[in-house]
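Engineer: Let me give you the structure first, and then I'll get to my questions.
The values are calculated or read from the model by the stated rules, or taken from the named source; none is laboratory data. Please read all numbers here as calculations on a predicted model, not as lab measurements. No Cβ is skipped: glycine too gets one built from the backbone with ideal geometry, and neighbour counts run over all protein chains shown. When the accessible area is computed, the model is the full protein with side chains, heavy atoms only, and any ligands, DNA or RNA have been set aside. Shrake-Rupley method; radii C 1.70, N 1.55, O 1.52, S 1.80 Å.
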Amino acid sequence: IYYVSVKNKYTKKENTTFEPVILYLLTTYLLLKLITSQDMFLLITTLESQNLALCIICAYSVLDKGVSKIEAALKLYITSAASSGFLLLGSSLIYGVTGSINFNEISLQLKSRAFEQVLFLLENIIYNFKNTNNIENLNTYYSTIAVSEKTTVILFTIGILCFFISIAFKIGQVPFHL
């Protein structure tokens, strides 16, 4: 109701259609649902549904002062598809490492594992290598970490990076804006 009254006031149009109102309400609902998501499945489905509604809103008015908005909607949809690939890759890597899609369970898995010890050891490796520039010390520290722990940390780090790169694509952060 607020949207229709504001639109009529500023555009001086009395004949408003109901489709944009439904799309704006749907987008608002999906953003609220996105905020309250507890697992990756709900986060991904609400983010993609909200992005599809935004693409439709972007392309709704075909011609506005001689400028076609379909091109902008198509660019938004294509970058969204590329971003969805990164989001799904990151989510699958995080699921592969932790074995859960629930954010609370993922945090418990990370706290229960030796992630803090492994990250602490990696930090010590980097610090000692910077200060001494001695490869033998680097090999000594690096050999104290088990191969499975190294793989787990690397896969989780790549998953988190893919996940946040996708989110940066979705919200249009620099350097991902068009």
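Engineer: Within region 100-108, does at least one residue satisfy the condition of being modelled with pLDDT of 65 or more, over 17 Å from residue 43 (Cβ atoms) and open to solvent by 50 Å² or more (accessible area, probe 1.4 Å)?
Structural biologist: Yes: one or more hits.
Engineer: Further, regarding this structure: Given the options 37, 91, name the one that is of a type in the set (Gly, Ala, Ser), modelled with pLDDT of 90 or more and part of a loop (DSSP other than H, G, I, E, B). Quick ask: steps written out before the conclusion?
Structural biologist: Numbers: 91 fails: part of a loop (DSSP other than H, G, I, E, B).
Only one candidate qualifies: 37.
Engineer: Now for a different question. List, please: which pairs have Cβ atoms under 8 Å, are six or more places apart or on different chains, and start with a residue in region 17-43 that is without any contact (Cβ under 8 Å) to a residue 12 or more places away in the chain and open to solvent by less than 80 Å² (accessible area, probe 1.4 Å) and end with one that is among the polar types (S, T, N, Q) and not in a helix (DSSP H, G or I)?
Structural biologist: From region 17-43, the pairs are 43/37.
Engineer: Which one is farthest from residue 82 (Cα to Cα), of the residues in region 144-178 that are among the small types (Gly, Ala, Ser) and modelled with pLDDT under 70?
Structural biologist: Going through the qualifying residues, I end up with 146.
Engineer: With respect to residue 119, is the statement that it is more than 16 Å from residue 153 (Cβ to Cβ) and either open to solvent by 70 Å² or more (accessible area, probe 1.4 Å) or at pLDDT 90 or above (or both) true?
Structural biologist: no
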